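Participant: One structure, as structure tokens, below. Some questions next.
The values are calculated or read from the model by the stated rules, or taken from the named source; none is laboratory data. Computed from a prediction, not measured in an experiment: that's the story for all the values here. Positions of Cβ are generated from backbone atoms using ideal geometry, with glycine treated the same way; all protein chains shown enter the neighbour counts. SASA here: full protein model, heavy atoms, side chains in, ligands and nucleic acids out. Shrake-Rupley method; radii C 1.70, N 1.55, O 1.52, S 1.80 Å.
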Amino acid sequence: MDNNRLFIFDTTLRDGEQVPGCQLNTVEKIQVAKQLEALGVDVIEAGFPVSSPGDFNSVIEISKAVTWPTICALTRAVQKDIDVAAEALKYAKHKRIHTGIGTSPSHIKYKFNSTPEEIIERAVAAVKYAKRYVEDVEFYAEDAGRTDNEYLARVIDAVCKAGATVCNIPDTTGFRTPYEYGEKIKYLYEHVDAFAAGRAILSTHCHNDLGMATANTVAGVLNGARQVEVTINGIGERAGNTSLEEVAMIFKTHPDLGIHTNINTQKIYPTSRMVSSLMNMPVQPNKAIVGRNAFAHSSGIHQDGVLKNVSTYEIMDPKEVGIDDNAIVLTARSGRAALKHRLSVLGVELEQEKLDKIYEEFLKLADKKKEINDDDVLMLAGADRSDNHHIKLDYLQVTSGVGVRSVASLGLNIAGELFEAAATGNGPVDAAISALKQIIKRNMTLKEFTIQAISKGSDDVGKVHMQVEYNNQLYYGFGANTDIIAASVEAYIDCINKFKTPSAL
Ligand code: KIV
Ligand code: ZN
């Protein structure tokens with residue numbers, strides 16, 4: 001066995017997808033899973049099958065769609081969960097059940113009202129039960145970050161003896177410092193025989209609450225872990241998980257560390273764009289590796305240096321992560337073949353009929369904007385996501401200006417019937433939403449509203465993310481349009497379409 005090979009376990013579709021507003025449908029999850037396969041990840045955590053029929057179905061379909069990576073399904077240390085996970089994995093060519101239980105004092109006391117010894121028994125029973133279905137069983141000790149090392153080693157030793165092949169040590173709350181997390185991994189490596197004997201490997205799973213997820217992950221690897229649990233763009237609950245692209249590029253730019261992965265780094269950027277676009281989750285401009293500014297040198301001194309020799313301020317070539325400045329720019333004169341090629345570089349393969357439809361939309365957008373970039377292309381590819389919506393925006397007209405109240409009139413198509421209303425408001429968005437509320441008479445409150453231009457230029461497509469509260473529940477919506485007022489109304493309508501009963505006026 002190659003002792004320096006680091007296995008990449010991607011949990012974008014499980015831990016990442018748990019983020020409110022980032023939910024994908026099965027078709028979108030398959031698209032991401034196939035892109036992860038092309039990227040070269042070793043394990044895809046495809047979902048938590050017992051949690052919902054949607055998750056169950058996604059694990060089945062992802063298992064059918066991908067060939068090389070191991071497909072992993074999450075469970076609690078509960079027999080029913082394990083039965084359902086095994087069923088969902090039935091088509092996977094390589095399968096893994098990921099089961100586990102909380103091991104920290106607060107989890108044992110408050111979550112399980114249990115004792116340390118009983119937790120060990122439950123952990124061992126779950127691993128043994130999962131082993132009845134699959135050879136490859138991963139165990140997670142939830143909140144291992146805040147679990148005492150000596151007790152954690154007893155838990156991990158017991159589950160390895162029960163047959164666990166991978167032991168996941170999550171810093172669930174993102175609390176540990178790199179030194180502490182590295183020491184924890186080292187302690188486990190030295191106190192549990194299975195690791196040095198090669199019967200099991202240690203896995204890191206770090207959260208970013210204190211901004212230390214990547215540093216903790218690297219510390220874990222340098223102290224003996226050989227699997228890292230990561231997500232694209234570091235997406236994940238709260239401050240997110242360790243980001244795949246950072247870990248992959250750290251080991252690539254530091255060959256002296258002697259660790260290598262199977263990641264085809266040139267697929268990093270297209271994968272990042274795809275995940276960001278499908279999950280409607282913008283990447284912060286200064287995000288390492290994949291942020292818009294990651295390779296932009298703006299200060300005069302830096303620009304001068306880079307022009308003389310790129311190595312002055314650049315530690316990696318943007319091409320290594322798949323950023324190609326020379327990529328053909330799409331314009332209104334580009335043909336279907338160019339659009340198809342760009343989509344395929346971005347991991348989207350389309351049937352002819354859908355390509356024709358997107359091409360028509362592409363030409364309309366290209367008439368409004370001079371250059372069509374990757375984000376636009378991905379947005380167009382996902383634009384029909386609202387085709388099945390019960391409520392659609394039929395038309396919108398707004399007048400606004402300085403020193404006058406804005407006036408909006410709009411038409412909604414609700415299940416084929418046109419409803420119209422007009423209203424004034426404190427600005428164009430307020431007027432348009434007031435008109436909308438005259439048709440959809442629900443007690444809804446706008447909780448969050450962000451507008452983001454996709455790249456540059458006043459002709460750019462604006463993306464709007466919204467949260468609307470209705471019936472004590474938050475709904476997340478998204479809209480994209482060169483007209484930001486229309487994008488805002490589309491985002492609001494997207495929220496309403498997600499209500500349990502969107503049709504009632
Ligand atoms: O953060 C965590 O502890 C987890 C486990 C369920 C693996 O995501
Ligand atoms: Zn997690």
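Participant: Let me confirm something: among Ser58, Ser104, Ser114, Ser63, which residue is within 15 Å of ligand 1 (Cβ to nearest atom) and modelled with pLDDT of 95 or more?
Facilitator: Result of the check over Ser58, Ser104, Ser114, Ser63: Ser104.
Participant: Against the definition (in contact (Cβ under 8 Å) with a residue 12 or more places away in the chain, within 16 Å of ligand 1 (Cβ to nearest atom) and small (Gly, Ala, Ser)), how does Gly258 come out, yes or no?
Facilitator: no
Participant: Among the residues of segment 135-154, which ones are more than 14 Å from Thr75 (Cβ to Cβ) and away from ligand 1 (no atom under 14 Å from the Cβ)?
Facilitator: Glu135, Asp148, Asn149, Glu150, Tyr151, Ala153, Arg154
Participant: Taking Asp374 and the conditions (1) more than 18 Å from Val464 (Cβ to Cβ); (2) open to solvent by 50 Å² or more (accessible area, probe 1.4 Å), which numbered condition does it fall short on, given that it satisfies the others?
Facilitator: Failing condition for Asp374: (2).
Participant: Within segment 168-176, does at least one residue satisfy the condition of being away from ligand 1 (no atom under 16 Å from the Cβ) and either of a type in the set (Lys, Arg) or in contact (Cβ under 8 Å) with a residue 12 or more places away in the chain (or both)?
Facilitator: So far as segment 168-176 goes, no, none of its residues is away from ligand 1 (no atom under 16 Å from the Cβ) and either of a type in the set (Lys, Arg) or in contact (Cβ under 8 Å) with a residue 12 or more places away in the chain (or both).
Participant: If Val283 passes every condition in (1) at negative phi; (2) at pLDDT 95 or above; (3) among the aliphatic types (A, V, I, L, M) but one, which one does it miss?
Facilitator: Only one criterion is unmet by Val283, namely (2).
Participant: Moving to a separate point now. Could you say whether any residue in segment 258-265 is closer than 27 Å to Lys29 by Cβ and of a type in the set (Gly, Ala, Ser)?
Facilitator: Taking every residue of segment 258-265 in turn, none turns out to be closer than 27 Å to Lys29 by Cβ and of a type in the set (Gly, Ala, Ser).
Participant: Let me ask something else about it. Checking Lys186 against (1) within 14 Å of ligand 1 (Cβ to nearest atom); (2) open to solvent by 20 Å² or more (accessible area, probe 1.4 Å), only one condition comes out false. Which one?
Facilitator: In the conditions (1) within 14 Å of ligand 1 (Cβ to nearest atom); (2) open to solvent by 20 Å² or more (accessible area, probe 1.4 Å), Lys186 misses (1) alone.
Participant: Continuing with the same structure: Filter segment 397-423 for residues that are β-branched (Val, Ile, Thr) and open to solvent by less than 70 Å² (accessible area, probe 1.4 Å); which is nearest to Ile493 (Cα to Cα)?
Facilitator: Ile414
Per-residue answers, yes or no, for (1) under 30 Å from Lys64 (Cα atoms); (2) more than 16 Å from ligand 2 (Cβ to nearest atom); (3) charged (D, E, K, R):
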{"position": "Ala85", "(1), (2), (3)": "yes, yes, no"}
{"position": "Ala88", "(1), (2), (3)": "yes, yes, no"}
{"position": "Ala92", "(1), (2), (3)": "yes, yes, no"}
{"position": "Gly102", "(1), (2), (3)": "no, no, no"}
{"position": "Pro105", "(1), (2), (3)": "no, yes, no"}
{"position": "Lys109", "(1), (2), (3)": "no, yes, yes"}
{"position": "Ile119", "(1), (2), (3)": "no, yes, no"}
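Participant: Within the group Gly305, Gly322, which residue is in the same structural domain as Met379 (by TED's automatic domain parsing), surrounded by 16 or more Cβ atoms within 10 Å (Cβ to Cβ), modelled with pLDDT of 90 or more and of a type in the set (Gly, Ala, Ser)?
Facilitator: When all the criteria are applied, what remains is Gly322.
Participant: State whether one or more residues within segment 246-257 are within 16 Å of ligand 2 (Cβ to nearest atom) and buried (at least 22 other Cβ atoms within 10 Å of the Cβ).
Facilitator: yes
Participant: Can you report the number of residues in segment 219-233 which are open to solvent by 10 Å² or more (accessible area, probe 1.4 Å) and in contact (Cβ under 8 Å) with a residue 40 or more places away in the chain?
Facilitator: Here the count works out to 5.
Participant: Does segment 454-463 contain any residue that is touching a residue at least 24 places away in the same chain (Cβ under 8 Å), farther than 30 Å from Asn373 by Cβ, crowded, with 17+ Cβ neighbours inside 10 Å and not assigned by TED's automatic domain parsing to the domain that holds Thr331?
Facilitator: No: segment 454-463 contains no residue that is touching a residue at least 24 places away in the same chain (Cβ under 8 Å), farther than 30 Å from Asn373 by Cβ, crowded, with 17+ Cβ neighbours inside 10 Å and not assigned by TED's automatic domain parsing to the domain that holds Thr331.
Participant: Now for a different question. How many residues, within segment 332-348, are exposed (fewer than 12 other Cβ atoms within 10 Å of the Cβ) and assigned to a loop (DSSP other than H, G, I, E, B)?
Facilitator: Final tally of qualifying residues: 2.
Participant: Just to confirm my filter: which strands (runs of 3 or more DSSP E) fall fully inside segment 368-481 and include at least 1 residues that are modelled with pLDDT of 95 or more?
Facilitator: In segment 368-481, the matching strands (runs of 3 or more DSSP E) lie at 391-399, 406-414, 417-425.
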